[in-house]
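Peer 1: This structure is in structure tokens; I'll ask about it shortly.
The values are calculated or read from the model by the stated rules, or taken from the named source; none is laboratory data. Small disclaimer: the values here were computed from a predicted structure and weren't measured. Every residue, glycine among them, receives a Cβ derived from its backbone with ideal geometry; neighbour counts consider all protein chains shown. Note: accessible area is taken over every heavy atom of the protein model, side chains too, but ligands, DNA and RNA are not part of it. Shrake-Rupley method; radii C 1.70, N 1.55, O 1.52, S 1.80 Å.
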Amino acid sequence: MSDGSTGGARGGGDAAPRPGAPGDARAGAPDGRVKEAVAAAWSEEWGRVVAAVIAVTGDWDLAEECAQDAFERALERWPRDGVPRSPGAWLTTTARNRAVDRLRRAANEAVKLRQAARLAPEPVATGDLVPEDADGDALPDDRLRLIFTCCHPALPLPAQVALTLRTLTGLSTAEIARAFLVPEKTMAQRLTRAKSKIRNAGIPFRVPRREVLPERTSAVLAVLYLLFNAGYAPGAAGPDQRRVTAEAIRLARLVARLMPREPEAAGLLALMLLHDARAAARTDEAGDLVPLEEQDRALWDRARIAEGVTVLDRALALRRPGPYQVQAAIAACHADAPSPRETDWKQIALLYAELARMAPGPVVELNRAVAVAMDEGPARGLELVEALAAAGELTGYHLLPATRADLLRRLGERHPAASAYREALALAPTEAERRFLLRRLAEVEGPTAPEAPRS
């Protein structure tokens, strides 16, 4: 579910291997410290460098190519000249100068020459080091404009997601395609179409006007939320999915830092951190799902939980609550509980009721039903689930029969529970979820008595 771009040659190739990656010997033999510095800069500065070149050229493909060239030049120059104090400033200057040179070489018309002259604000030779006391943040930070451009409403949502990943993180088209389970060719076509749409429709490279900022900010946060969920979904434990999750958190940090007065940006970051803190406990050694109440809480990342709570408190202090903040508060309730029995399910149910008021929808109501079941008992939760089933809005959604099956199991209704588990099995989208449901089905069909009902 993303839009694909090609970071390499204009014909549609992809970006070269990441500079400094193991086995990348094109730049000779830079020492380990330099390779680590380049790899770190790739992670932290790629989006900044690409955004800076797009800001002055308006050419997305050229920006990616020149950014790649800048990182390759770093592998050549830094072993000899030393790692600059501000790698981001060095890389941005080098990439911008490279773009100027490319335009000059291609300029067969006076308009191209004038454009190239306009792009060079100062006579800095391509590849020269910026002064060692230069501050990387002193260069214009265009990443926020880049994020809003990637998330322009004229682009389809899958294109927004893919373009954000491609331009702001440096992930290759192949990596993005694997993370979203689509063919690489499909992803490349999506990215190419998205860039063409931006160019042909004249979509401006800017943060939108104040009157439309709330609507567009919601789109940006929704894209980041989708990115995180792509890597956090049940069964999405491969390296590409985990990399997508890490990049979603990194981009959420960036947006929260660039928009410090937007509480929902901080709320989304807090939500990601609190969920990601439980990642190590969500599956067992065989890769099977472990439900929340059975997770080994010693595996939870307490430092990440503490950071998530701190970020959430900062968001709530702005006194403009929103859906991401409420979801983060729910995650914090789980994270704070020393054990499943000590979870404040009453508070969680109340928070889901508030979330349903802010962002009504059947999935929110299903989650509220689970919380009510844990607080008031499975019979009350089952009433709410049956009402949702009767409404028909969640037809085909596997978690509806899965939730109904679990509540029936807790009530000791083994045969109806088995039937509901079979229905959920037929709808489950991942192998990990199917294996979990098969285990539950075996429990209710087996000779042993089911778990005693909870009151």
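Peer 1: If the viscosity is 1.306 mPa s and the temperature 10 °C, what Stokes-Einstein diffusion coefficient in µm²/s follows for segment 181-289 when Rh is the Kirkwood radius over Cα pairs?
Peer 2: Translational D for this selection: 100 µm²/s.
Peer 1: Can you pull the one-decimal nm distance between simple spin-label points at residue 33 and residue 199, each 7 Å off the Cα toward Cβ?
Peer 2: 4.3 nm
Peer 1: What residue among 329, 381, 405 has its Cα farthest toward the positive end of the dipole of segment 326-455, where the charges are +1 on Lys, Arg and -1 on Asp, Glu, each on the Cβ?
Peer 2: 405
Peer 1: Something else now. Going highest first, how would you order 337-344, 92-99, 396-403 by mean Cβ packing within 10 Å? Intermediate results must be reported in sequence, preceding the final value.
Peer 2: Values: 337-344: 12.4, 92-99: 25.6, 396-403: 19.4.
Per-residue mean Cβ counts within 10 Å order the peptides as 92-99, 396-403, 337-344.
Peer 1: With r defined as the distance between the Cβ atoms of residue 303 and residue 439 and R0 fixed at 30 Å, what FRET efficiency is calculated, to the nearest 0.05?
Peer 2: Computed FRET efficiency for residue 303 and residue 439: 0.40.
Peer 1: Considering the options 283, 263, 298, tell which one lies farthest towards the positive end of the dipole of segment 251-299, charges being +1 on Lys and Arg and -1 on Asp and Glu at the Cβ, about the Cα centre.
Peer 2: 263
Peer 1: May I have the convex hull volume per residue, in Å³, for the Cα set of segment 28-82?
Peer 2: Normalising the Cα hull of segment 28-82 by residue number yields 72 Å³.
Peer 1: How large, in Å, is segment 138-200 by the Kirkwood hydrodynamic radius built from its alpha-carbon pairs?
Peer 2: Evaluated on segment 138-200, it is 12.0 Å.
Peer 1: Return the carbon/sulfur percentage of the accessible area of segment 162-287, one whole number, probe 1.4 Å, all protein chains in place.
Peer 2: The nonpolar share, carbon plus sulfur, comes to 53 percent.
Peer 1: Points 7 angstrom from Cα along the Cβ direction at residue 344 and residue 395: gap in nanometres?
Peer 2: Taking the simple label geometry, residue 344 and residue 395 are separated by 4.0 nm.
Peer 1: Here's another thing I want to ask about it. Between residue 319 and residue 184, 0.36 nm times their residue separation minus their Cα-Cα distance comes to what?
Peer 2: Gain in length upon complete extension: 44.2 nm.
Peer 1: How large is Rg over Rh for segment 177-221, taking Rg from the Cα atoms and Rh as the Kirkwood inverse mean of 1/r across Cα pairs?
Peer 2: Answer for segment 177-221: 1.12.
Peer 1: How much length is gained on full extension from residue 280 to residue 229, taking 0.36 nm per residue of separation minus their Cα-Cα distance?
Peer 2: The span from residue 280 to residue 229 would gain 16.8 nm if fully extended.
Peer 1: Would you work out the charge dipole size for segment 318-432 about its Cα centre, treating the Cβ of every Lys and Arg as +1 and the Cβ of every Asp and Glu as -1, and quote it to the nearest 20 debye?
Peer 2: Charge dipole of segment 318-432: 120 debye, to the nearest 20.
Peer 1: By accessible area of protein heavy atoms, probe 1.4 Å, what ranking do 144, 163 get, highest first?
Peer 2: Of 144, 163, the descending order of accessible area is 144, 163.
Peer 1: Rank these residues by their accessible area, most exposed first, probe 1.4 Å: 56, 161.
Peer 2: Result of the area sort, largest leading: 56, 161.
Peer 1: Now for a separate question. When all protein chains stay in place, what accessible area (Å², nearest 10, 1.4 Å probe) is found for residue 296?
Peer 2: Answer for residue 296: close to 80 Å² accessible.
Peer 1: With a ≥ b ≥ c the root eigenvalues of the C-alpha gyration tensor of segment 334-455, is it rounded (a/c under 1.5), prolate (a/b larger than b/c) or oblate?
Peer 2: oblate
Peer 1: Let me know the charge dipole size of segment 261-378 about its Cα centre in debye, to the nearest 20, where only the beta-carbon of Lys, Arg (+1) and Asp, Glu (-1) is charged.
Peer 2: In debye, rounded to 20, segment 261-378 gives about 560.
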